[in-house]
Amino acid sequence: MVRMYGTNNLPDSADLCHEASGIALGETLGIGKGSVTVDDFSKADAIFIFGQNPGSNHPRMLKALQKAAAKGCKIVSINPLIEAGLMRFKNPQHLSGIIGKGSALSDLLLQVNINGDMALISAIIKIVFEIAESKPQVIDHKFIDNTTHGFIEFKNSILQLDLHELIVASGVEEKLIREAAEIFCNSKSVIACWAMGLTQHHDGVATIQQLVNLLLLGGHVGRAGAGVCPVRGHSNVQGDKTMGITENPPAYLLKNLSERFNFIAPTKPGIDTISVINGLNAGSMKILIALGGNLFDGITRYQKTALALQKAELTVHIATKLNHTHLYPGKISLILPCLARSEKDIQKSGEQLVTVENSMGIVHRSSGVLKPCSELLKSEVDIVANLASRLLPNGPIEWLNLIDNYALIRDLISEVIPGFVDFNQKIDSDGWFYLYNAVRDEQKFVTKTGKANFTVHQVSQRQLASDEYLLMTTRSHDQFNTTVSGMNDRYRGIKGGRMILFMNALDIKEHGFTDGELITIQNAKYPDMELSGLQIVSYDIPRKCLASYFPEANVLIPLDSIDPRSKTPTSKSIVVKLRHNS
Ligand SMILES: Nc1nc2c(c(=O)[nH]1)N[C@H]1C(S)=C(S)[C@@H](COP(=O)(O)OP(=O)(O)OC[C@H]3O[C@@H](n4cnc5c(=O)[nH]c(N)nc54)[C@H](O)[C@@H]3O)O[C@H]1N2
Ligand SMILES: Nc1nc2c(c(=O)[nH]1)N[C@H]1C(S)=C(S)[C@@H](COP(=O)(O)OP(=O)(O)OC[C@H]3O[C@@H](n4cnc5c(=O)[nH]c(N)nc54)[C@H](O)[C@@H]3O)O[C@H]1N2
Ligand SMILES: [Mo]
């Protein structure tokens with residue numbers, strides 16, 4: 001509908017989430033997503049987990065990690081916090097939790113400074129080159145010569161770096177970094193996983209590409225037990241990208257759409273999520289249709305966001321529940337409630353199902369089991385098809401027919417999106433299938449050079465004034481993004497509150513604060529962005545680093561603090577100052 005209407009303005013939550021991964025992997029490996037399956041986890045010799053809290057956010061992944069660990073796979077965690085889920089594993093599905101008598105999961109924990117990953121990865125790479133001087137086999141030269149591009153430039157860029165400076169910037173002891181490099185060199189197959197701890201920084205794309213460089217050194221892509229694994233965000237954010245929900249559509253998608261539906265799909269790139277807010281503010285954007293999401297809480301709870309939303313000529317929210325964004329209506333505003341995925345969706349041809357794609361490349365069916373909370377609720381398909389039939393009544397698509405039977409939509413998908421041949425048959429027979437993945441299945445890299453690309457990056461060191469700190473915002477156990485379901489963060493030992501600021505005991509003392517004190521936190525660049533009443537909790541976190549909860553701390557995140565490559569807000573790197581609550 002949107003492309004036939006004539007625009008690529010289809011940004012999605014990935015812009016706040018894994019966009020950096022998509023760009024980083026697209027340029028280097030030719031696919032904007034991961035290259036491993038669950039099966040690869042049990043074949044890996046080492047798994048490096050950067051900036052991810054699977055105990056709370058990806059509990060099912062812990063099982064795969066536990067199985068791998070039981071087989072002797074080394075697990076290395078890189079995180080400013082010692083996340084309980086990564087240290088001990090019992091069974092997070094059960095109330096007893098994973099703290100207590102579980103088995104240690106991580107073999108090595110590198111307690112990196114916030115945003116110190118670029119320095120850390122670069123240090124590991126430098127040490128791998130050092131080791132290779134006496135053991136050349138730790139670098140896979142055959143793979144590099146045959147399959148990659150840009151190795152010499154990359155190697156030169158690393159040789160120019162000073163190892164000592166990298167170590168200091170990473171915040172990790174040299175001995176531990178050397179251990180990580182040894183594990184890397186001694187492993188035949190390595191997987192690297194990451195989530196928001198790598199993406200939500202000024203250099204998110206660059207850091208992920210440096211990680212790809214490390215993997216390429218050992219030829220760890222496109223073979224069993226090895227590869228890249230950006231661990232998913234929203235339930236189906238991967239699927240929505242594959243279906244073309246993006247402001248930067250690939251050329252094949254536009255070509256296929258144009259040919260199948262006999263129109264000229266727009267080629268001009270659309271705008272990203274942050275630019276939507278800026279565009280509404282400037283008056284260049286007039287209409288916002290949001291299929292889910294909570295922009296106000298998800299981007300920044302800043303007054304500028306609220307004002308921007310209210311400047312819109314029209315806001316339309318298609319949503320399963322009310323949220324703060326709905327409190328800032330445009331001049332005309334519609335809130336259209338829709339069925340949730342947990343609810344039964346019954347149409348003329350009977351009960352409907354949808355499909356989702358996970359981070360391991362599997363497309364599987366999904367259907368609700370609950371009775372809808374009202375007979376009047378429409379499905380998302382129903383609402384969008386009705387909009388489309390009025391907006392594009394003369395088009396080649398019989399929109400309203402699609403509501404009766406979603407299998408008809410899947411038939412159209414199979415004609416337009418690569419990898420979906422016999423979509424309905426596959427879903428009907430097995431309920432799931434692996435999507436073709438050029439890197440995983442054929443070690444093929446569909447990049448500009450036709451090879452896997454090494455890339456060259458700067459390692460910038462952040463200078464903080466004596467009264468400045470670097471703040472990350474993270475999820476607690478009891479929330480799903482902006483929906484908070486409880487006030488506890490059980491694996492971090494927090495009960496009954498979310499207005500929390502995790503801080504190193506030495507910093508608390510040195511700067512004249514006390515554990516348990518309520519303080520005010522302020523953005524160092526924009527003093528009017530501040531939050532009062534956060535309680536200091538003395539915690540095992542590197543010096544000068546702070547952690548607080550998303551979305552409460554989002555008042556501190558300005559719209560212009562983004563990774564220039566991915567346009568992702570730097571919600572894990574905000575320079576702040578603290579003062580006693582007045
Ligand atoms: N239950 C539940 N599940 C979820 C979600 C949810 O809210 N609740 N959200 C879903 C979504 S949309 C997403 S994107 C994922 C998010 O999953 P995660 O990425 O695991 O979520 P975050 O809480 O943002 O935590 C990121 C981790 O990065 C670490 N970190 C912070 N800064 C740095 C850094 O500079 N370097 C490194 N190495 N680590 C750092 C934090 O300590 C934390 O452990 O989870 C998905 N699953
Ligand atoms: N400071 C800080 N900010 C962050 C992050 C962070 O780590 N720190 N993480 C970022 C990340 S990774 C993400 S993904 C974003 C998330 O940002 P958003 O995607 O904007 O936020 P959600 O809380 O996932 O959106 C939930 C709303 O979507 C609607 N909804 C839920 N399910 C459905 C459905 O099935 N259909 C429809 N139509 N609507 C539905 C409901 O109205 C619900 O209130 O936040 C980002 N913001
Ligand atoms: Mo996300």
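The values are calculated or read from the model by the stated rules, or taken from the named source; none is laboratory data. Predicted model only: the values in this text are computed from it and were never measured. Neighbour counts are summed over all protein chains in view; Cβ atoms, including those assigned to glycine, are modelled from backbone coordinates with ideal geometry.
Hey, Thr305 hits all of (1) at pLDDT 95 or above; (2) of a type in the set (Val, Ile, Thr); (3) within 16 Å of ligand 2 (Cβ to nearest atom) but one; which does it fall short on?
(1)
I need the full set of residues from region 1-23 which are of a type in the set (Gly, Ala, Ser) and either more than 16 Å from ligand 2 (Cβ to nearest atom) or in contact with a His (Cβ under 6 Å, 6 or more places away or on another chain) (or both), in order please. Before the answer, list the steps.
So in region 1-23, the residues of a type in the set (Gly, Ala, Ser) come out as 6, 13-14, 20-22.
Hits for region 1-23 are Gly6, Ser13.
For the list (1) buried (at least 18 other Cβ atoms within 10 Å of the Cβ); (2) within 30 Å of Asp15 (Cβ to Cβ), I need the number of the one condition that Asn504 fails.
(2)
Is it the case, given these coordinates, that Leu578 is more than 15 Å from ligand 2 (Cβ to nearest atom) and in contact with a Ser or Thr (Cβ under 8 Å, 6 or more places away or on another chain)?
Yes, satisfied.
How many residues does region 282-308 hold that are crowded, with 18+ Cβ neighbours inside 10 Å, on the phi < 0 side of the Ramachandran plot and of a type outside the set (A, V, I, L, M, F, W, C)?
7
Residue under question is Arg390, and the condition is that it be surrounded by fewer than 15 Cβ atoms within 10 Å (Cβ to Cβ), free of Cβ contacts under 8 Å to residues at least 12 places away in the same chain, of a type in the set (D, E, K, R) and not in a loop (DSSP other than H, G, I, E, B); does it hold?
Criteria met by Arg390.
When region 1-23 is examined, which residues are found to be out of contact with any strand residue (DSSP E or B) (no Cβ under 7 Å at 6 or more places or on another chain), part of a helix (DSSP H, G or I) and within 16 Å of ligand 3 (Cβ to nearest atom)?
Ser13, Ala14, Asp15, Glu19, Ala20, Gly22, Ile23
Looking at region 293-339 only, could you name the residues that are closer than 22 Å to Asp560 by Cβ, of a type in the set (A, V, I, L, M) and more than 16 Å from ligand 3 (Cβ to nearest atom)?
The answer is Ala306, Leu307, Ala308, Leu309, Ala312.
Filter region 444-471 down to residues that are in contact with a Ser or Thr (Cβ under 7 Å, 6 or more places away or on another chain) and either assigned by TED's automatic domain parsing to the domain that holds Ile521 or not in a loop (DSSP other than H, G, I, E, B) (or both), then give me how many there are.
4
Run down His234, His164 and say which single residue is surrounded by fewer than 21 Cβ atoms within 10 Å (Cβ to Cβ) and not in a loop (DSSP other than H, G, I, E, B).
On inspection, the qualifying residue turns out to be His164.
Looking at region 462-475, I want the residues that are farther than 18 Å from Glu552 by Cα and among the polar types (S, T, N, Q) and have a partner that is at pLDDT below 95 and within 9 Å of ligand 2 (Cβ to nearest atom) with Cβ atoms under 6 Å, at least 6 apart or on another chain. Which pairs are those?
none
Any idea which residue in region 242-252 is farthest from ligand 1 (Cβ to nearest atom), counting only those that are surrounded by 19 or more Cβ atoms within 10 Å (Cβ to Cβ) and not β-branched (Val, Ile, Thr)? Working first, answer last.
Quick first cut of region 242-252, residues surrounded by 19 or more Cβ atoms within 10 Å (Cβ to Cβ) only: 242, 244, 246-247, 249.
Next cut, not β-branched (Val, Ile, Thr) only: 244, 247, 249.
Values: Gly244: 20, Glu247: 18, Pro249: 22 Å.
My answer is Pro249.
Check Lys311 against each of (1) without any contact (Cβ under 8 Å) to a residue 60 or more places away in the chain; (2) in contact with a strand residue (DSSP E or B) (Cβ under 7 Å, 6 or more places away or on another chain) and name the one condition it does not meet.
(2)
Could we say that Asp430 is surrounded by fewer than 16 Cβ atoms within 10 Å (Cβ to Cβ), under 25 Å from the mean Cα position of the chain (by Cα) and at pLDDT below 95 here?
Taking the combined requirement at face value, the residue does not satisfy it.
Hey, does region 482-489 have a residue that's part of a strand (DSSP E or B), touching a His at 6+ places or on another chain (Cβ under 9 Å) and either modelled with pLDDT of 95 or more or of a type outside the set (Ser, Thr, Tyr) (or both)?
Yes: one or more hits.
Identify the residue in region 58-84 that is of a type in the set (Val, Ile, Thr) and out of contact with any Gly (no Cβ under 9 Å at 6 or more places or on another chain) and, among all such residues, is nearest to Arg492 (Cα to Cα).
Ile82
Just the residues that are away from ligand 2 (no atom under 13 Å from the Cβ), at pLDDT 95 or above and outside any strand (DSSP E or B), please, taken from region 531-562.
Tyr539, Asp540, Ile541, Pro542, Arg543, Lys544
Considering only residues that are among the charged types (D, E, K, R) and under 24 Å from the mean Cα position of the chain (by Cα), which ones fall in region 303-338?
Correct list: Lys321 only.
Can you pull out every residue in region 43-60 that is assigned to a helix (DSSP H, G or I) and either within 16 Å of ligand 3 (Cβ to nearest atom) or modelled with pLDDT under 95 (or both)?
Result: Pro54, Gly55, Ser56, Asn57, Pro59, Arg60.
Is there any pair with a first residue in region 191-212 that is within 12 Å of ligand 2 (Cβ to nearest atom) and a second that is in a strand (DSSP E or B) and among the polar types (S, T, N, Q) whose Cβ atoms are under 9 Å apart and which are 6 or more apart or on different chains, and what are they?
Hits for this filter: Met196/Thr474; Gly197/Thr474; Gln200/Thr473.
Test of understanding: among Asp441, Asp411, Asp422, which residue is outside the structural domain of Ile152 (by TED's automatic domain parsing), surrounded by fewer than 17 Cβ atoms within 10 Å (Cβ to Cβ) and under 24 Å from the mean Cα position of the chain (by Cα)? First the steps, then the outcome.
Working: Asp411 fails: under 24 Å from the mean Cα position of the chain (by Cα); Asp422 fails: under 24 Å from the mean Cα position of the chain (by Cα).
Being outside the structural domain of Ile152 (by TED's automatic domain parsing), surrounded by fewer than 17 Cβ atoms within 10 Å (Cβ to Cβ) and under 24 Å from the mean Cα position of the chain (by Cα) holds for just one of Asp441, Asp411, Asp422, which is Asp441.
Identify, please: which residue in region 287-299 is over 21 Å from Leu339 (Cα atoms) and in contact with a strand residue (DSSP E or B) (Cβ under 7 Å, 6 or more places away or on another chain) and is, among those, farthest from ligand 2 (Cβ to nearest atom)?
Ile287
How many residues does region 564-575 hold that are more than 20 Å from Ile500 (Cα to Cα), away from ligand 2 (no atom under 13 Å from the Cβ) and not basic (Lys, Arg)?
Adding up the residues that qualify gives 1.
Output the residues belonging to region 167-193 that are part of a loop (DSSP other than H, G, I, E, B) and under 18 Å from Gly72 (Cβ atoms).
Residues satisfying the conditions are Asn186, Ser187, Lys188, Ser189.
Mind telling me which of the residues Asp528, Asp489 ends up being acidic (Asp, Glu) and within 16 Å of ligand 1 (Cβ to nearest atom)? Even if it seems obvious, please write down each step before you answer.
Working: Asp528 fails: within 16 Å of ligand 1 (Cβ to nearest atom).
It is Asp489.
Just checking, how many residues over region 288-304 are in contact (Cβ under 8 Å) with a residue 40 or more places away in the chain and over 26 Å from Val384 (Cα atoms)?
4
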